[in-house]
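Engineer: One structure follows; several queries about it will come next.
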Amino acid sequence: MDIITILFVALGLAMDAFAVSVASGFTIKYLRIQHALRLAAFFGLFQAIMPVVGWLAGIGLRDIISGIDHWIAFGLLSMIGFKMIFESTRMNPDKKLDPLNIYVILILSIATSIDALAVGLTLSILDISIINPAIIIGVITFLLSFIGVYVGDRFGHFFENKIEVVGGMILIGIGIKILIEHLA
């Protein structure tokens, strides 16, 4: 997988965390840099760890499903993408929670990184090393989450749902690209 594709995967995965960061920035009164750093660090760390966990889980499956790996990658990425698009249209009552509470941050970090677990599984099935993608996914998520807190502080919920739709479309596009490359 080339660096451009990894960057697009990272951007697609980071959109959930970015959207939650925007909502968090909107709800935090008296925003300080340590608030943005805290949220960004949690989101970036979980987004970097979850693909590794998925990749490790997929190592045992790789030999079993190597003949249909491209279909599985296409299916997983498409499902994640459609899930992101669908969820962007729903109201989320969790957004009223205090985003600086450690338990809330942990729950949000896990919830926004579940998709990264499936991407790690996909990378394992495709026999792609996980080190660089995990680092890139974590760094991109950290940066976008940090920026997202300030976007939320300044502009509120205007961008939030639109960002998740874009992220979902990026992941679906990458799934289609993988399928076409393996079939062609």
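The values are calculated or read from the model by the stated rules, or taken from the named source; none is laboratory data. Because the structure is a prediction, the values reported are computed rather than measured. Cβ placement follows ideal geometry from the backbone for every residue including glycine, while neighbour counts extend to all protein chains displayed. Heads up: the accessible areas ignore ligands, DNA and RNA and are worked out on the full protein's heavy atoms, side chains in. Shrake-Rupley method; radii C 1.70, N 1.55, O 1.52, S 1.80 Å.
Engineer: Leaving ligands and nucleic acids out of the surface, order TYR103, TYR30 by accessible area at 1.4 Å, largest first.
Structural biologist: Final ranking, largest accessible area leading: TYR30, TYR103.
Engineer: For the range 7-79, give the percent of accessible area contributed by carbon and sulfur heavy atoms, probe 1.4 Å, rounded to a whole number.
Structural biologist: For the range 7-79, the apolar C and S fraction of the accessible surface comes to 75 percent.
Engineer: Okay, next question. Given q = 0.15, 0.19, 0.20 Å⁻¹, what are the Debye log10 I(q)/I(0) values for the chain, with equal point scatterers placed on the Cα positions and solvent ignored?
Structural biologist: -0.79, -1.17, -1.27
Engineer: Same structure again: So for GLU181, GLU87, what's the accessible-area order with a 1.4 Å probe, most first?
Structural biologist: GLU181, GLU87
Engineer: Might you tell me the accessible area per residue for the chain, computed with a 1.4 Å probe and given in Å²?
Structural biologist: Result: 51 Å² per residue.
Engineer: Nearest 10 degrees is fine. How inclined is helix 3-27 to the longest principal axis of the chain, computing both from alpha carbons?
Structural biologist: 20 degrees
Engineer: Moving on to the next point. For the chain, set up a GNM with springs between Cα atoms under 10 Å and report which of PHE18, PHE74, PHE86 has the largest fluctuation.
Structural biologist: Looking only at PHE18, PHE74, PHE86, the largest GNM fluctuation is found for PHE86.
Engineer: To the nearest 10 square angstrom, what accessible area does HIS182 show with a 1.4 Å probe?
Structural biologist: So the heavy atoms of HIS182 present about 90 Å² to solvent.
Engineer: Using the beta-carbon distance between ILE107 and ILE64 and R0 = 30 Å, what value does 1/(1 + (r/R0)^6) give for FRET efficiency, to the nearest 0.05?
Structural biologist: Calculated transfer efficiency: 0.35.
Engineer: Compare ILE128, ILE72, ILE80 in a GNM of the chain, Cα atoms joined below 10 Å, and give the one with the largest fluctuation.
Structural biologist: Looking only at ILE128, ILE72, ILE80, the biggest GNM fluctuation is shown by ILE128.
Engineer: Sorted by accessible area (1.4 Å probe), largest first, how do THR89, THR112 line up?
Structural biologist: Sorted by accessible area, descending: THR89, THR112.
Engineer: Something else: By how many degrees, 0 to 90 and rounded to 10, does the Cα axis of helix 160-183 deviate from the longest principal axis of the chain?
Structural biologist: 10 degrees
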